[in-house]
1. Quick check: residue separation of residue A:417 and residue A:83 times 0.36 nm, minus the Cα distance between them. What number comes out in nm?
2. Restricting to the range A:216-356, what percent of DSSP beta bridges are antiparallel, rounded to 5?
3. For chain A, modelled as a Gaussian network with Cα springs under 10 Å, which listed residue fluctuates most, A:429, A:347, A:254?
4. Taking +1 at the Cβ of each Lys and Arg and -1 at the Cβ of each Asp and Glu, which of B:416, A:352, B:29 sits farthest along the dipole of the protein assembly as shown towards its positive end, judged by Cα position relative to the Cα centre?
5. How much of the pair distance distribution for the range B:142-243 lies past 20 Å, counting alpha-carbon pairs only, in percent?
6. When chain B is treated as a GNM, springs tying every alpha-carbon pair under 10 Å, which of B:124, B:158, B:45 comes out with the largest mean-square fluctuation?
7. Determine the dipole magnitude for the range B:47-103: charges of +1 sit on the beta-carbon of Lys and Arg, -1 on that of Asp and Glu, nothing else is charged, the reference point is the Cα centre, and the result goes in debye to the nearest 20.
8. Taking a threshold of 29 Å on the Cα-Cα distance, which of the pairs A:195/A:295; B:295/B:331; B:195/B:248; A:130/B:331; A:414/B:281 fall above it?
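Only the coordinates and a few stated rules stand behind these numbers; no lab work does. As the structure is a computational prediction, the values presented were derived from the model and not from experiment. Quick reminder, even Gly has a Cβ in these numbers, built from the backbone with ideal geometry, and neighbours come from all protein chains shown.
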There are 2 protein chains.
Amino acid sequence: MAVQTVANTASGESADSAAPAPDETGTPSLGAAVALSCRECGTRTPLGPSFVCLECFGPLEVAYELPTGDPEALRARIEAGPASMWRYAPLLPVPADVAGKPNLNPGFTQLVKADRLAAELGVTGGLYVKDDSGNPTHSFKDRPVAIALEAARAFGFTTLSCSSTGNLAGAVGAAASRAGLRSCVFIPEGLEQSKVVMAAIYGGDLVAIDGTYDDVNRFCSELIGDPLGEGWGFTNVNLRPFYAEGSKSLAYEICEQLGWRLPDQIVIPVASGCQLVKIDKGLRELVELGLVEDKPVRIFAAQAEGCSPVSRAYKDGTDVRPVRRPDTIAKSLAIGNPADGPYVIDICRRSGGAVEDVNDAQIVDAMKLLARTEGVFAETAGGVTLGVTRKLLDEGVLDPSLSTVVLNTGDGLKTLDAVAPSAGPSAVIAPSLDAFRAAGLA
Amino acid sequence: MAVQTVANTASGESADSAAPAPDETGTPSLGAAVALSCRECGTRTPLGPSFVCLECFGPLEVAYELPTGDPEALRARIEAGPASMWRYAPLLPVPADVAGKPNLNPGFTQLVKADRLAAELGVTGGLYVKDDSGNPTHSFKDRPVAIALEAARAFGFTTLSCSSTGNLAGAVGAAASRAGLRSCVFIPEGLEQSKVVMAAIYGGDLVAIDGTYDDVNRFCSELIGDPLGEGWGFTNVNLRPFYAEGSKSLAYEICEQLGWRLPDQIVIPVASGCQLVKIDKGLRELVELGLVEDKPVRIFAAQAEGCSPVSRAYKDGTDVRPVRRPDTIAKSLAIGNPADGPYVIDICRRSGGAVEDVNDAQIVDAMKLLARTEGVFAETAGGVTLGVTRKLLDEGVLDPSLSTVVLNTGDGLKTLDAVAPSAGPSAVIAPSLDAFRAAGLA
């Protein structure tokens, strides 16, 4: 098998950001990534900290020359790789030696065969929970951040930054500390205490913004264009094309863990929508590379009712209209103006999937259901995904006879408040058998 | 290589517990485990839910007939195994098909090469953090519980239980849910909110006891002898010999991740002391099996000043005297009457190690140091271990020129209160460049 690491021969300044030059030759080594390409008009731009097409203002994404040749050899190479997302390094925009660099080595989290949950929900075709709470900072965000970190190193950035609803801030802070970069992360005020502490504990700067996530995001876009932000890599803004690719690894892992097979159905939470779009991309790449056999995969998107611009647009058949004031316990999904919303709707429609939302009570119920049946303590976003799964099963939209993968993207310890009022001791007793007998729990 | 799974031919009742018979033939299949053996007098007892030697009242431990033959073949078999502690199934008291049963599949957590931390501490021989916060419920407790679960299944228990300072309760609750057993766990009142929620979220019964951990432990011992506790497997009481073996996997993983080499020094937190004793056992087994070359390993024990019975006895040259009222932020280490305390002192003395303790402020400092340099957010127990490491380096007791492994056994999200007061936003600002400029963080 010939794995081609195609050198990027482009040189010169990046398209829309005054970042430092990649290196002496202007040639960052980012593996199979060869260029940035506009998702709308297809125009190519050299690899760099660019995120908007200068032709049509569409979003840029990474274009690859992926390994060609014998799929068996590629599969064997992947299986012999590290127990992290770097086993898929040949398919990601990262240097070949990425696993040897100081980084959090996220990924290769468990795909839980959820037989007890399946029994409760009446799913007979095989139900799986992809549990990304097993990542180093306990959310899927470690994946895109690990990719963005490599881009930041390649482009010579000295500060790693982001706008975040919480999980990303912790992931950026931790990754920067491991790599020895400075970090400065931005969050909306009023996040869960655990997410605030986790964003601050790594010793970088944490700035709370008096506003919504979308306000934070707009602020970060301004900062990039200002001299204040010089030398700053914003994982989800000027490094977004790279960052976004991190979620492809979820698709790779799910298929490898299913024995190199596509699932029939997959349910994915939607905040910006980026994760769903990239999982779809990853699944298609595996087919193109001959690593899995092609078959239809129905893709479903899950939102919280209190911030459901994509779900509403899907149901109403309208454009995605921003939600000004998100109001949901699923704060990690509280993005009122989701950049990839229209792509999500396209993918769900094209694949025979759907977009659905659940309310706060349904979210909590689903969190408890998952914990009780499978011992997985998901954050509210995981409750959204499982809640929507249950709703779509009840509505007959999800087919219970098909193999189904549900994503848990984060950790229950980060959204304690959602369940704390209803998760306490069954009894408080004196240390005696009589007291225990009286409690009636034996 | 001949991996011998020796059948246990013992039959009849267990030695000190009225548990159900193992199965129809009285022969539980627990891999290479062949009997229980007294750590004091060596008397053997058939495999069963027994924990005290009927001859001398000494503690029982699992005796094995470990795989004999070619170490290279065994090493290859391990390396081809799953990315969990079950890669070492041939060396543990579990059925050969354990990885296929519903369980949390813990272990094979990251061994972080902590170069930035090493630079700050002046360690030149290689510094590593074994980060067990990556386990499913984010503490090392998932390891012993996974072993105890197999024993519970083998002995026909229907309720999984424990006395716990918090982490164990969550691990037991989650494991029982995954396996479809009932759980009922006991904790002292006044634990961290996150640990209480995590102990309750899995839907089993959680009982808070008005007393210390040692009161809880005594209560559980009573419960086992009472009809109320019939059919109950207490992971750390009547299943303790099996449970305890789980920590051997830490030794195996550390050595495999070091390239099948022993470390020169290892620093381990001490609550009951069981973990340290079993890591020592695991290291010696690897030597005996020919999987690593023998060399001296200095073993160091870390306690919190507010509950340091082992450290005090070590320094004073006395017996281990119980601490009545532990007072430390490291609640997971707050065991005043550590069962394995004397063994810990023996091992540390024999190996050329030491026992040391740190105060609450040093614990918090160490937690922050680890987060800032390596992006690892440890719980207070991890702060104890790193704090003691720093103290022993300062005192010239630890040798900075030797390879050193420091254990982080739990997750910072579970002990938020310890750092929350000093881990908040650097600034709260309006979403404008002027406001950011005024904050002086650019």
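1. Values: separation 334, 0.36 × 334 = 120.24 nm, distance 3.28 nm.
Extra length available between residue A:417 and residue A:83 comes to 117.0 nm.
2. Working: 1 of 9 bridges.
DSSP beta bridges in the range A:216-356 are roughly 10 percent antiparallel.
3. A:429
4. Checking the options against the dipole of the protein assembly as shown, the answer is B:29.
5. Numbers: 1411 of 5151 pairs.
The proportion of pairs with Cα distances above 20 Å equals 27 percent.
6. In this elastic network of chain B, the residue with the biggest mean-square fluctuation among B:124, B:158, B:45 is B:124.
7. Working: 4 positive and 7 negative charges, 51 e Å.
In total the dipole reaches around 240 debye.
8. Values: A:195/A:295 39 Å; B:295/B:331 35 Å; B:195/B:248 25 Å; A:130/B:331 32 Å; A:414/B:281 36 Å.
Where the Cα-Cα span goes over 29 Å, the pairs concerned are A:195/A:295; B:295/B:331; A:130/B:331; A:414/B:281.
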